[in-house]
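Below is one structure, written out as structure tokens; comments come after it.
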Amino acid sequence: MSHKNLLTQEGYDSLVEQLNELKIRQEHLITQIEEVAQPDESGEDGLATQLKEELEVINEKIDNLENALEDAKIISGDCKRDQVEIGCKVKIKISGNLTKEFNIVNHLEADPIVNKISDQSPLGVALLGKKINDEVEVNAPAGKITYKIVSIK
């Protein structure tokens, strides 16, 4: 696969931690299924079915994380500062004097609550490749919003 998942070290470590937690959960579910699915039972009860369904979901998440980590490339987090790229911290001015600062990250480590926005989000896509003083327009539910790039770190 030619497309790499560009991740910060923090994002990579977080995904590894999630993967480890899912594997622990997977082992626990397998043990529970073995305990409730006795060979002498004529039919499977609802609990065993529910546990197997949960295990399927966990297995899919594990596969997705393993694939993402296998294709990961850790970036330094130091951007060139002449244009926005994954790993940059971007300060933008929104209509007037309101400013906000965002970290542009891979969609796998995005967390809007702590201002980590995805490179695939409308704002992230609009900002990538732009330079200081560039203006970008983003369609939002409230209409078009214009952002001006104040700084790139």
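The values are calculated or read from the model by the stated rules, or taken from the named source; none is laboratory data. Everything quoted here is computed from the prediction, not taken from an experiment. Note that we place each Cβ from the backbone using ideal geometry, even for glycine, and neighbour counts take in every protein chain shown.
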Residue check: is I104 assigned to a strand (DSSP E or B), in contact with a strand residue (DSSP E or B) (Cβ under 7 Å, 6 or more places away or on another chain), touching a residue at least 24 places away in the same chain (Cβ under 8 Å) and surrounded by 13 or more Cβ atoms within 10 Å (Cβ to Cβ)?
yes
So which pairs qualify, if the first residue must be in the range 13-36 and in the same structural domain as E66 (by TED's automatic domain parsing) and in a helix (DSSP H, G or I), the second must be surrounded by 15 or more Cβ atoms within 10 Å (Cβ to Cβ) and of a type in the set (D, E), the Cβ gap must be under 9 Å, and the two must be at least 6 apart or on different chains?
S14/E109; L15/E109; R25/E54; L29/E54
Does at least one position in the range 84-99 carry a residue that is closer than 19 Å to T8 by Cβ and out of contact with any Leu (no Cβ under 9 Å at 6 or more places or on another chain)?
yes
Does the range 141-149 include one or more residues that are hydroxyl-bearing (S, T, Y) and surrounded by 16 or more Cβ atoms within 10 Å (Cβ to Cβ)?
yes
Kindly check whether there is at least one residue in the range 61-69 that is within 19 Å of G129 (Cβ to Cβ), at pLDDT 90 or above and either part of a helix (DSSP H, G or I) or not acidic (D, E) (or both).
no
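Of the residues that sit in the range 68-83 and are within 23 Å of S14 (Cα to Cα) and either more than 22 Å from the chain's Cα centre (by Cα) or small (G, A, S) (or both), which one is surrounded by the fewest Cβ atoms within 10 Å (Cβ to Cβ)?
Filtering first and then ranking leaves S76.
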Matching option when the condition is on the phi > 0 side of the Ramachandran plot and among the polar types (S, T, N, Q), among S95, S121, S151, S76:
S95
Being part of a helix (DSSP H, G or I), polar (S, T, N, Q) and modelled with pLDDT under 95, is that true of even one residue in the range 70-93?
no
